[in-house]
Amino acid sequence: MDAEDEFSEYVAARWARLVRAAVLLGASPAEAEDITQTALTRCLVRWSKVRRAADRDAYVHRVLVNTFISARRRRWTGERPTSEVPEQASGDHAEQVETADLVSRSLARLSDEQRAVVVLRYYAHLGEAQTAAALGIPAGTVKSRLARALKVLSNDPDLSELRGR
Amino acid sequence: MSEEESMSEEKLEQLLAQSADRVPVGEPPLAAMLADARRSTRRRRLGVALGSAAAVVAVTLGASVLPGLVSGHDPEPSVPDPTGAASGTDESLPGPGMRLVGIADVVVEVPEEWGTNETHCGTPMADTVVVDEGVIGLCAVLRQPEVTSVHLSAGRAPVEFHPDVDAEVDGVAVRRESTSCGDAFHGVLTCASTLYFPQREVYVRAESSSESEPEARREVEEALARVHVLADRVAVPGWRSLTFDEQGDGADAYLALLADLGLEAEVVEESHPGMPPGFVLGASPDSGTVVEPGSTVTVTVVAPQDRLAERMSAGVSTDTPEEPDSMREVTDAELRAGADLTVAVGDTVWVTWNVEHKTLRVTSEVTGEDVLRTEEWTWDKWTASAPGQATITLYVEDGTERERLGEVRVTVQ
């Protein structure tokens, strides 16, 4: 299988999860698709490296996190921020929507470093060593950041009612 | 707060998945990604690597010819100058009150009072030149008003670089993305333009924020007009921006970069447990500094590690569970010297270590188990359970032997 086929398969399997991981990191949904597209294109350009990487998912998430950071740094070149976020929720989904809003509000309370560790570990399901590789930090640091992040979230009044359910 | 109420890992996983599932995701733009990647790969192949001696053929055509030199809109990169040799007149550089900063033979003249790498989270905080910036913290800071910056970086064209102009700097062909401005966040208008030297794979990007767009545009044009290609001097190569991969098993990659530029290296070793031996820690003169060929650069690297205990680094952390900000850490150096730590009953104490090594691990032994109680199903984490004294001794093990790394004497109050 050549690089492009392999890449296409990888994208088909991971696209939605990568976009959503970028949203949990703090990007808007539209921005998240752009970031994921740029990150994956960068990976394809160096696919031979991705292929050789001991851990493909860790490598791709590392590129995703780096792309997210640089996109945020140069966001001024792109669109203006809008104050109104289109609200698509209605009726049956109300409770689900509320949960999602509470979760994103709570994530925003974490430092960027804690947030990235939480998203990679508990949403992208990377292992401790993979998360460490993806963020370029020692695994001990992953542990201590997670411990602190869990504490912040445990003390978060927004999430306290969700915990009971 | 009772035990059942605290945030469990499973509950968090569930909440994140629920929250993420609400985000509508379109189809992946596969065709666009494939096309962009092909375009980027082709652009790279056209580049000719900068030879070691830089093939100096001086054809003096005068100073830089940059802004406004448009040879039509050409979506495909052209390769006008096969030699890639500079024709600049070097001796006049830098001008009075200016200094030179560069990558290989591509340099920019900046005012002496400008800083170097005065950034926070990658965002320039004052007028600065940015070169060999290295690891950028995972954080974001908004652009400050009235700041002009010039960023030099080496590497292949990123997929988001969209050149629209062919130009020349000191007789060397460059691709340029013209100045564009955005009025962005909180009214900080910022203009930027990028120059790319395809044969050298070097970028120079100028950014300026100002209250008026003409002012910001002028700053960007002026900054890029001060970009030159030197014929007979070179800049000390970057070491911060070398990745772990590129550093390989030692400083070889960096020493090869120095040799390619005709610079001599003097290697100085420093002991750093847990870091890969040979890893480059610094260069003097620092990266970006313009020097004569044949100059000596002092390179500081991590010393070889003969002892097992030198090959890992560890730490001991403590905090009070109810106070997320109470974490303290005993560092590796403190452990090796023998450290003291005072904690309160109820605090947690745990061992952290650098797990880059697959074959090595850090283990611990505790005296005073009535004082520090091991937490259930862990072996490197304790709860201070009663006032008294305990000692945690850390070892490095490789399966056959173990060696003492250091210890911390814990007083529980």
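What follows draws every value from the coordinates through simple rules; no lab data is involved. Quick caveat, the model's predicted, so the values are computed rather than measured. For neighbour counting, all protein chains shown are included, and Cβ atoms are generated from backbone atoms with ideal geometry for every residue, glycine included.
The simple Förster model, with R0 at 25 Å and r as the Cβ-Cβ distance, assigns B:Ser284 and B:Ala333 a FRET efficiency of 0.60. For B:Val302, B:Val135, the sequence from fewest to most other C-beta atoms within 10 Å is B:Val135, B:Val302.
Across peptide A:126-134, the average count of Cβ atoms from other chains found within 10 Å of a residue's Cβ is 1. Neighbouring Cβ atoms from other chains, within 10 Å of the Cβ of residues in A:5-11, number 2 on average.
Under the simplified labelling scheme, the B:Arg402-B:Glu9 pair shows an inter-label distance of 2.4 nm, with each label point 7 Å from Cα along Cα→Cβ.
Sorted on the mean count of surrounding Cβ atoms within 10 Å across their residues, most packed first, peptides B:269-282, A:25-38 read A:25-38, B:269-282. Label-to-label distance for B:Met98 and B:Glu270 is 3.4 nm, based on points extended 7 Å past Cα in the beta-carbon direction.
Placing a pseudo-label 7 Å from each Cα along the Cα-to-Cβ vector at B:Cys139 and B:His120 gives an inter-label distance of 0.8 nm.
At full extension, A:Met1 and A:Ala129 could sit 43.2 nm farther apart than now, given 0.36 nm per residue minus the alpha carbon distance. Straightening the chain between B:Gln389 and B:Ser212 buys 57.1 nm, computed as 0.36 nm per residue apart minus the Cα-Cα spacing. In loop segments of the stretch B:94-180 as defined by DSSP, the GluC sites (Glu not before Pro) with at most 11 further C-beta atoms inside 10 Å of their C-beta are B:Glu112, B:Glu113.
Once the Cβ-Cβ distance of B:Leu34 and A:Ser70 is raised to the sixth power relative to R0 = 25 Å, the FRET efficiency obtained is 0.65.
Among residues other than B:Ser326 whose Cβ falls under 14 Å from its Cβ, what is the net charge (Lys/Arg +1, Asp/Glu -1)? My count for the surroundings of B:Ser326 gives -3. Other residues whose C-beta falls under 12 angstrom from the C-beta of B:Leu263 contribute a net charge of -3, scoring Lys and Arg +1 and Asp and Glu -1.
The length gained on full extension between B:Asp370 and B:Ala17, counted as 0.36 nm times the residue separation minus their Cα-Cα distance, comes to 122.9 nm.
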